[in-house]
Structures are given as structure tokens and as C-alpha cells.
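To start, the structure under review is shown below, and the notes come after it.
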Amino acid sequence: MNRLVYLVHAVLLAAFAFAASAKEAEPRLLLKEIAPGVFAHEGLIELTTQANEGAIANIGFIVGDDAVAVIDTGGSVREGRRLAAAIAGVTNKPIRYVVNTHVHPDHLFGNAAFDSPGVTFVGHANLPRALAARGAFYLSSFRRLLGEELIDEVRIIPPTLTVDDETVLDLGNRELVLKAWPPAHTDCDLTVLDKKTGTLFSGDLVFMRHVPIVDGSVLGFLRLADALAAIPAKHVVPGHGPLVANWPQALEAERTYLSHLVKDLRGMIKAGEGLGTAAQKAGQSERAKWQLFDDYNPRNATAGFAELEWE
Ligand SMILES: [Zn+2]
């Protein structure tokens, strides 16, 4: 009898060990070294689904002489673990910072994979408020999109180091310039510039191929293009789209889309058209240029209409 108990125990322990090692042996995320010491993973241009596990945003990390900074953690803790595994495959330097470029789940649902002593989460000064306002809603609405298994391990982790205007992080002979922007894509957009290589991680202030999403201010987003263009970068990792693109040319398609949207909305408001017509028609001349256009343009037009109506 004792022997049987022992056997059952041993089998259970083995099962636990297997489960634990399966968890640790998460496959590494596919990475590209886009500049010396700067790595990124290209997300799919898709909506979040159980099949893609929310891995739809571009995420990456930068390695200094002393430490590593992660820039966005992906759309699930699983993706975050895969990023962590990929980092471990490149360097044994410690991860000191996890920078979240904004509040959207595809950029920060992987945070829990990096939550350990010695890691500081960094974000826009408005990010804690945005997470407090939306975190619970994101967890419940993404339960259906991601499925139980993936959503159950997601935790909302607000930044403890916040950026009001500009902050420089030093990874050891490698300075990152973090800049907080006024409302545009969201009200908590943060960019990261690696001074050493002129690589800009723009978060969702730059969309390529994937239609831009307006969740902050359409006018703010459009006006920001000039300020962004002045960033002394050589190339950019957009929030969505091809991993590296020349700077500031990468902004042009987005700027054209936003200016058409604003122009159409102003014309419709002036002509006394209603919100329904605006949602259907504004920005449609841009349709052929963008992926996921029908998923987001009507929402952008609706939000933009409400914003511009009171100009
Ligand atoms: Zn976003």
C-alpha cells in the first residue's frame, strides 16, 4: 500500500515537473536584429484571435553594456514568455526596464512574464490612470477573444516609473530617450529612441499597412506628425507593420490617411450630414491602401466626428 502511494506520488511529481518544464521551454519568439543590439518581432496584421494569441503588435528589446530594456510585451503572457526566452537566447544581461508604449492590450498583456524584482515598468504619466479605467474592461472583453487559458494568466501591471515629458534610461553605454506625447493614438503614447543606432520604437504613433487606429484624438494624431518627424531617428519600428522603415518617410501614409479623414469629416459636418453617414463615407478614398480598413475606419470616423463636431 505504501509502495502504491509512493508510486502515485512519484507519477504526480513527474507530471508537475513535466508541466513546469513545458512552461519554461516556451519556444522563442522569432526575432530580427534590426540594428546592433536592437531586436524586434513583427506582429501579424490581424485582429486578436485565439489562433494568433494576440501576437499582433511589433515588440522588441535593446541590449546595453549593463542591462536590457524591453519595449512592449505582446498580447498574452505566453507571448511575453516567448520574448523572454528569445532575450535569454541573445544575452545574459538582466532585464532592468519594461517600457509600455501605451494602454492597448496587444502591447502590454505580456507584462506578467517580466514581473520580477529588479524590473521596473515604465510608461506615460497617463498610463496608470488609463489602466485603472480600462484594465478590468480589457480583461473581460479579451476573455472571449483570447480564450480562458490565455486570459487567466494576464495581469494588469501599471508602470512605477512614469514619463511626463522626457526621460533618459541608461542601459550602460546606451541611452534611450523616452518621450511622452499629447493625445494622439491614445492619451498615453510614449516613444523610445535608441540614440546609439537612431532606432525609434514609435508604438502605435506609427502604423504602416495596418490602418491607423484613433483612440485619443484625430486632430492630435494628425498634428503630431510634424513633431514626430523632427525626432532625429534613422529608422522606425512602427507599432504595426514592417519591422523597420526609413524615418521620417514612414509617417507619410498615415499622415495622408488622417488628413483625408479630417477633411472628409469637416466637409460632412459643414454639410449637415449625420454621424451614420460619416461612419460610412469618411476616409473611404484611402480604403485600398490599408489592411483591416473596414474593421477600424468606421470607428475612427465615428470618434473623429464627435471630436470635430464642436470645433
Ligand atoms: Zn494601440
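The values are calculated or read from the model by the stated rules, or taken from the named source; none is laboratory data. Values in this document were obtained by computation on a predicted structure and should not be read as measured data. As a convention, Cβ positions derive from the backbone with ideal geometry for all residues, glycine included, and neighbour counts pool all protein chains shown.
At a glance:
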read-out	value
The listed residue being charged (D, E, K, R) and touching a Ser or Thr at 6+ places or on another chain (Cβ under 6 Å), out of 194, 187, 215	215
Hits in segment 189-233 - residues which are surrounded by 22 or more Cβ atoms within 10 Å (Cβ to Cβ), within 16 Å of the ligand (Cβ to nearest atom) and of a type in the set (S, T, N, Q)	191, 202
Number of positions in segment 86-111 that are out of contact with any strand residue (DSSP E or B) (no Cβ under 9 Å at 6 or more places or on another chain) and either within 16 Å of the ligand (Cβ to nearest atom) or at positive phi (or both)	1
Enumeration of residues in segment 48-99 that are over 28 Å from residue 144 (Cβ atoms), outside any loop (DSSP other than H, G, I, E, B) and among the acidic types (Asp, Glu)	none
Residues of segment 242-266 satisfying the condition of being surrounded by fewer than 19 Cβ atoms within 10 Å (Cβ to Cβ) and of a type in the set (Val, Ile, Thr)	256
Subset of segment 281-311 that is at pLDDT below 95 and acidic (Asp, Glu) - its residue that is surrounded by the fewest Cβ atoms within 10 Å (Cβ to Cβ)	311
Qualifying residue in segment 26-35 (condition: surrounded by fewer than 20 Cβ atoms within 10 Å (Cβ to Cβ), part of a loop (DSSP other than H, G, I, E, B) and within 16 Å of the ligand (Cβ to nearest atom))	no
Wholly within segment 118-189, strands (runs of 3 or more DSSP E) carrying at least 3 residues that are touching a Pro at 6+ places or on another chain (Cβ under 6 Å)	120-124
Considering residues of segment 235-252 that are more than 16 Å from the ligand (Cβ to nearest atom) and in contact (Cβ under 8 Å) with a residue 60 or more places away in the chain only, the residue farthest from residue 166 (Cα to Cα)	242
Residues of segment 151-197 that turn out to be more than 30 Å from residue 52 (Cα to Cα) and touching a residue at least 60 places away in the same chain (Cβ under 8 Å), as a count	10
Output for segment 112-137, where each listed residue is within 15 Å of the ligand (Cβ to nearest atom) and in contact (Cβ under 8 Å) with a residue 40 or more places away in the chain	123, 124, 126, 127, 130
Hey, residue 255 touching a helix residue (DSSP H, G or I) at 6+ places or on another chain (Cβ under 7 Å), basic (Lys, Arg) and away from the ligand (no atom under 15 Å from the Cβ) or not	yes
Residue list for segment 190-240, restricted to those being of a type in the set (A, V, I, L, M, F, W, C) and assigned to a strand (DSSP E or B)	190, 192, 193, 200, 201, 205, 206, 207, 236, 237
Some residue of segment 139-160 being aromatic (Phe, Trp, Tyr), over 22 Å from residue 219 (Cβ atoms) and surrounded by fewer than 17 Cβ atoms within 10 Å (Cβ to Cβ)	no
Pick from segment 53-83, criterion within 16 Å of the ligand (Cβ to nearest atom) and of a type outside the set (Gly, Ala, Ser), ranking: farthest from the chain's Cα centre (by Cα)	79
For residue 180: the one exception among (1) of a type in the set (A, V, I, L, M, F, W, C); (2) away from the ligand (no atom under 16 Å from the Cβ); (3) surrounded by fewer than 21 Cβ atoms within 10 Å (Cβ to Cβ)	(2)
Filtered residues of segment 267-280 (kept if surrounded by fewer than 17 Cβ atoms within 10 Å (Cβ to Cβ) and under 16 Å from residue 299 (Cα atoms))	274, 275, 276, 277, 280
